[in-house]
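Before any comments, here is the structure.
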Amino acid sequence: MIRCMKTSFRASKETIDRLFECNRVSGEVWNRCLELAKETHLKTGKWITKSALQKGTKGIFPIHSQSVQAVCHKYLFARDAARKARKAGHPNKYPYKRKNHFNTKWANNGFKVFENGKVQLSMGKLEGKLQAPLILWIKELPKGQIKEIELIFNRQLMLAIAYEDGQKVKENTFANRSAIDVGEIHTIAAVAENGENIMITGRKIRSIHRLRNKKLAELQRKMSKCTKGSKQWKRYNRAKRYVLSKSDKQLQDALHKTTKQFVDWCIEIEVKEVAFGDVDGVQRNTSRRKKKKVRRRTTNQKLSNWSFGKVYAYLTYKLEAEGMKIDKHDESDTTRQCPCCPKKRKVSSRIYTCPCGYTNHRDLHGASNFFAKTFYDEIRELDFSLKPTKYLRIA
Ligand SMILES: [Zn+2]
């Protein structure tokens, strides 16, 4: 399976400068992609093709030809993703923002890695002359075959290395289906066909968010008191970036732990297939609500803070490694609808109760309904009864 590792590295001052320059040039390539796409569209009314884009960017930039191509691919990917989202009714914009910097990527022929941790990144021609490769050193190489190296900036220049870890996807004879509800109070609530159900609390993640927002607000307040761009302002701005990147790391760690716990549970109770709520719908709903009521904004902020996409991505690769599959399904109405009678109601407390006598924990209620909606095609009572809930939290 392809995995990714981020690592810092050592390099000479001159190399560091050249690496920064690479990302600046990659930004230029990106901007060129935007221009070419616009020109093509104005002239022909059509979208630029992959080959036209590659032709239009070839041989102009002093970075490795595959590094140039990688930017083109990212542009095309962003464009096609926007098209897909727009088709599904979302207000996504096509890529239009010009960039000063863009991550540079080296693929198969663009780099060499030596066992002692030396990494050699190839460059392109400058004024007709091939430039010397960039030499840098990393402490620990990933165990496996390296596929791609990307130069990223996270408070400092770092390498993101994609590699094949050589591990085969595990086979299993699991057969249970499960539905998972991702939310604010419980990061994960899930129900499986054999009656097993689990709730993994999001307390840790919420506290990271809370602390981050508090610190950011404080810095913002201080910044508003000094002149923009002044020495003190810059100091606060640096602190702000630090808070952001630190909390991002903590968040990522917490999400990894949470999703790991869920996957372990899936193995334990032999789940084969996981249904994941289509969250685009959720976010759309909240923004619509926001227009109606200002009070809703806090909820909305919490939800948008939420890295649903990350949870899905982590689950996908962790589950697939274990030979299970995960798919997105429509989860509309699953929180409001009563499974026993046709009533719909808003849930304001932790417990969902209906005048017909049905009652359930809000998040389990959502997950159960989502299970029914996905696997029975309608929201109704489950064909199985739920066993006692397993509660988990991350340390
Ligand atoms: Zn009811």
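Being more than 30 Å from the chain's Cα centre (by Cα) and more than 9 Å from the ligand (Cβ to nearest atom) is the filter here; which residues of segment 334-348 pass it?
Result: LYS344, single match.
For segment 18-62, name all the residues that are touching a residue at least 24 places away in the same chain (Cβ under 8 Å) and open to solvent by 40 Å² or more (accessible area, probe 1.4 Å).
Passing the criteria: ARG18, PHE20, ARG24, GLU28, ARG32, TRP47, LYS50, GLY59, ILE60.
Pairs please, first residue from segment 332-357 and free of Cβ contacts under 8 Å to residues at least 12 places away in the same chain and farther than 15 Å from ASP181 by Cβ, second anywhere and near the ligand (Cβ under 9 Å from one of its atoms) and among the charged types (D, E, K, R), Cβ atoms under 9 Å, 6+ apart in sequence or on different chains.
Qualifying pairs under 9 Å: THR353/ARG345.
Can you find, within segment 292-333, the residue that is farthest from the ligand (Cβ to nearest atom) among those that are at pLDDT 85 or above and among the hydrophobic types (A, V, I, L, M, F, W, C)?
ALA321
Yes or no: ASP363 surrounded by fewer than 16 Cβ atoms within 10 Å (Cβ to Cβ), at negative phi, of a type in the set (Asp, Glu) and more than 16 Å from the ligand (Cβ to nearest atom)?
no
Kindly indicate whether any position in segment 328-350 is open to solvent by 80 Å² or more (accessible area, probe 1.4 Å), within 19 Å of GLY202 (Cα to Cα) and not hydroxyl-bearing (Ser, Thr, Tyr).
So far as segment 328-350 goes, yes, one or more of its residues are open to solvent by 80 Å² or more (accessible area, probe 1.4 Å), within 19 Å of GLY202 (Cα to Cα) and not hydroxyl-bearing (Ser, Thr, Tyr).
Within segment 1-17, how many residues turn out to be open to solvent by 20 Å² or more (accessible area, probe 1.4 Å) and assigned to a helix (DSSP H, G or I)?
Residues flagged as open to solvent by 20 Å² or more (accessible area, probe 1.4 Å) and assigned to a helix (DSSP H, G or I) within segment 1-17 amount to 4.
Name the residue, out of GLU115, GLU140, that is within 15 Å of SER8 (Cα to Cα), open to solvent by 30 Å² or more (accessible area, probe 1.4 Å) and not in a strand (DSSP E or B).
GLU140
Restricting the first residue to segment 188-201 and requiring it to be under 9 Å from ASP363 (Cα atoms) and surrounded by 24 or more Cβ atoms within 10 Å (Cβ to Cβ), which pairs with a second residue that is of a type in the set (D, E, K, R) and modelled with pLDDT of 95 or more meet a Cβ separation below 9 Å and a spacing of at least six or different chains?
Sorted first by the residue in segment 188-201, then by its partner, the pairs are ALA190/GLU196.
Which of the residues spanning segment 366-388 are among the basic types (Lys, Arg) and either within 14 Å of ASN197 (Cα to Cα) or within 13 Å of the ligand (Cβ to nearest atom) (or both)?
Passing the criteria: ARG380, LYS387.
The values are calculated or read from the model by the stated rules, or taken from the named source; none is laboratory data. Small disclaimer: the values here were computed from a predicted structure and weren't measured. Here Cβ is always computed from backbone atoms with ideal geometry, including for glycine, and neighbour counts include all displayed protein chains. Side chains are part of the model used for accessible areas, which takes the heavy atoms of the whole protein and leaves out ligands, DNA and RNA. Shrake-Rupley method; radii C 1.70, N 1.55, O 1.52, S 1.80 Å.
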